[in-house]
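*Asks:* Structure below; questions to follow.
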Amino acid sequence: MTTTRDPAGEPAALAEPSDRVGRSWTWALCLANGAIWVGWYGPLQILLASQAKDFAPGTGMSKETMLAWVTGAGAVVSLLANPLFGALSDRTTSRWGRRTPWIVAGTAGGALSLLLLAGAGGMGTMTLGWCLVQLTLNASFAAVTAAVPDRVPRLQRGSVGGWLGAAQILGVVGGTGLATAAGGVGAGYAACAVFTAVGVLPYVLRHPDLRLRPADRPPWSWRGFLAGFWLSPRRHPDLGWAWLTRFLINLSNALVLLYLLYYLRDRLHHHDPEQGVLVLTAVNGLTLMATVVVGGVWSDRVGRRKPFVVWSGMLMAAATALLAVWETWPGAIVAAALLGIGFGVFTSVDFALMTDVLPKALDRGKDLGVINVANALPQVAAPALAAPIVTYLGGYRMLYLVSAVIGLAGAGLVGRIRGVD
């Protein structure tokens with residue numbers, strides 16, 4: 001469907017959706033979303049850490065510090081790119097729709113950037129390549145995310161958010177698996193690049209996007225464009241509290257994931273830490289898959305979001321604390337399973353909650369981009385917070401205790417959101 005106006009005369013691209021989306025649309029969007037996460041997490045879980053280990057000797061940096069600098073730089077780019085490309089897609093009047101051109105361009109650029117990373121010879125090219133990956137894949141991700149409030153009615157967003165969450169964790173597991181099984185850093189990057197580029201094709205080829213007419217686009221001004229990125233917590237308090245909740249829980253999760261490879265190698269002395277990361281990721285993915293769709297569908301049926309977010313955040317905090325007090329391989333497996341259960345429910349229901357508090361239809365992409373800063377900013381904050389804790393302030397035990405407290409605070413703040421049940 002590519003019509004530009006609904007029966008009431010409102011621009012179709014800006015109307016509140018009322019018709020439920022079908023399985024084909026949902027699955028194609030989920031595949032595109034999962035492909036983007038493959039492009040991110042193959043490097044984050046395995047490949048960047050392996051390169052940091054190879055490049056750090058002789059630089060005066062530890063592998064932890066180098067990895068923190070590289071991932072932190074990429075996260076800064078992600079922080080800016082997601083709302084920027086979301087805003088640009090809001091204003092796009094292409095014949096292929098508002099979102100599709102950015103999905104195509106972003107994933108193509110992401111694949112090329114992953115290939116650049118494959119040939120990195122030191123920290124400089126490694127940092128440049130990762131920043132380009134973040135820039136391009138965030139263009140695609142902003143457009144994929146905005147497609148949900150564009151096309152999905154409110155009482156279906158929990159279930160669609162659940163399937164998107166399932167695709168996300170499959171992308172994390174798939175990216176980790178590809179990076180591990182490919183047989184080397186270069187081959188791992190190439191495998192992730194191919195999957196990322198191919199994974200978006202079913203959506204962009206089979207499901208035409210809604211078009212925005214040039215007449216329905218607001219007049220352009222640099223001042224208005226830049227001012228639009230500030231969503232005042234005073235004017236939109238529910239959005240502000242929802243953003244802070246997402247930020248804190250994602251920061252807690254980022255602190256867990258950032259040094260997982262090093263935790264297994266240096267603290268648990270696992271005989272094969274790379275394989276250990278894959279096992280923990282798979283365990284986490286299985287339990288997440290068991291709850292992510294169920295949680296979203298359940299929240300749609302009862303018409304409530306906040307209790308699901310509160311209890312899932314509390315469970316994740318408890319699982320993170322377990323890593324600090326039960327420092328064994330079985331303890332890590334149990335923690336990974338509990339984190340998956342909690343993050344599965346949080347992923348689907350919090351996404352639906354976020355779409356419920358968006359201020360206006362014209363700025364869906366930009367506003368979701370600002371909300372997605374709560375996903376990217378923890379990637380900046382986590383290295384800055386984790387490196388000194390691990391190095392000087394108590395090691396991995398203190399890191400995971402701090403992470404648990406942060407996650408618990410995020411869960412508690414959900415109650416400040418007043419406009420959503």
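*Asks:* Considering (1) farther than 25 Å from GLY161 by Cα; (2) surrounded by fewer than 17 Cβ atoms within 10 Å (Cβ to Cβ); (3) at pLDDT 80 or above, say which one TYR262 fails and leave the rest.
*Replies:* Tallying (1) farther than 25 Å from GLY161 by Cα; (2) surrounded by fewer than 17 Cβ atoms within 10 Å (Cβ to Cβ); (3) at pLDDT 80 or above, TYR262 fails exactly one: (2).
*Asks:* Here is a further query. Free of Cβ contacts under 8 Å to residues at least 24 places away in the same chain, among the small types (Gly, Ala, Ser) and open to solvent by 10 Å² or more (accessible area, probe 1.4 Å): is that true of GLY124 in this structure?
*Replies:* Yes.
*Asks:* Can you tell me which residue among LEU164, LEU178 is open to solvent by 10 Å² or more (accessible area, probe 1.4 Å), in contact with a Leu (Cβ under 8 Å, 6 or more places away or on another chain), part of a helix (DSSP H, G or I) and at pLDDT 85 or above?
*Replies:* It is LEU164.
*Asks:* Return the only residue of ASP272, ASP216, ASP238 being modelled with pLDDT under 80, farther than 29 Å from VAL405 by Cα and not β-branched (Val, Ile, Thr).
*Replies:* ASP216
*Asks:* OK, next. Going by the structure shown, is ALA12 over 30 Å from LEU385 (Cβ atoms), at pLDDT below 85 and out of contact with any His (no Cβ under 8 Å at 6 or more places or on another chain)?
*Replies:* Against the criterion (over 30 Å from LEU385 (Cβ atoms), at pLDDT below 85 and out of contact with any His (no Cβ under 8 Å at 6 or more places or on another chain)), ALA12 qualifies.
*Asks:* Further question: Considering region 46-62 alone, what residues qualify as being open to solvent by 10 Å² or more (accessible area, probe 1.4 Å) and touching a Lys or Arg at 6+ places or on another chain (Cβ under 7 Å)?
*Replies:* Result: LYS53, single match.
*Asks:* So, of the residues in region 29-45 that are open to solvent by 10 Å² or more (accessible area, probe 1.4 Å) and among the hydrophobic types (A, V, I, L, M, F, W, C), which turns out to be nearest to the chain's Cα centre (by Cα)?
*Replies:* TRP37
*Asks:* Considering only region 75-103, state which residues are among the small types (Gly, Ala, Ser) and surrounded by fewer than 19 Cβ atoms within 10 Å (Cβ to Cβ).
*Replies:* SER94
*Asks:* Kindly provide the set of residues from region 63-74 that are without any contact (Cβ under 8 Å) to a residue 60 or more places away in the chain and surrounded by fewer than 21 Cβ atoms within 10 Å (Cβ to Cβ), ordered by number.
*Replies:* ALA73 - this is the single residue of region 63-74 that is without any contact (Cβ under 8 Å) to a residue 60 or more places away in the chain and surrounded by fewer than 21 Cβ atoms within 10 Å (Cβ to Cβ).
*Asks:* Further question: Could you tell me which numbered condition VAL198 fails, if it satisfies all but one of (1) part of a helix (DSSP H, G or I); (2) touching a strand residue (DSSP E or B) at 6+ places or on another chain (Cβ under 9 Å)?
*Replies:* With respect to (1) part of a helix (DSSP H, G or I); (2) touching a strand residue (DSSP E or B) at 6+ places or on another chain (Cβ under 9 Å), VAL198 is out only on (2).
*Asks:* Here is a follow-up. Would you check which residues across region 127-144 are open to solvent by 10 Å² or more (accessible area, probe 1.4 Å) and of a type outside the set (Phe, Trp, Tyr) and list them?
*Replies:* THR127, LEU128, CYS131, LEU132, LEU135, THR136
Residues are listed down the side, and each one gets a yes or a no for (1) modelled with pLDDT of 85 or more; (2) under 30 Å from LEU67 (Cα atoms); (3) buried (at least 17 other Cβ atoms within 10 Å of the Cβ):
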residue: ALA182; (1), (2), (3): no, yes, yes
residue: GLY186; (1), (2), (3): yes, yes, no
residue: VAL204; (1), (2), (3): yes, no, yes
residue: ASP209; (1), (2), (3): yes, no, yes
residue: TRP220; (1), (2), (3): no, no, no
residue: VAL256; (1), (2), (3): no, yes, yes
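The values are calculated or read from the model by the stated rules, or taken from the named source; none is laboratory data. Since the structure is predicted, the reported quantities are computational estimates derived from the model, not experimental observations. When we count neighbours, we look across all protein chains shown, and the Cβ atoms used for this are built from the backbone with ideal geometry, even at glycine. Please note that ligands, DNA and RNA were not included when accessible areas were found on the heavy atoms of the full protein model with its side chains. Shrake-Rupley method; radii C 1.70, N 1.55, O 1.52, S 1.80 Å.
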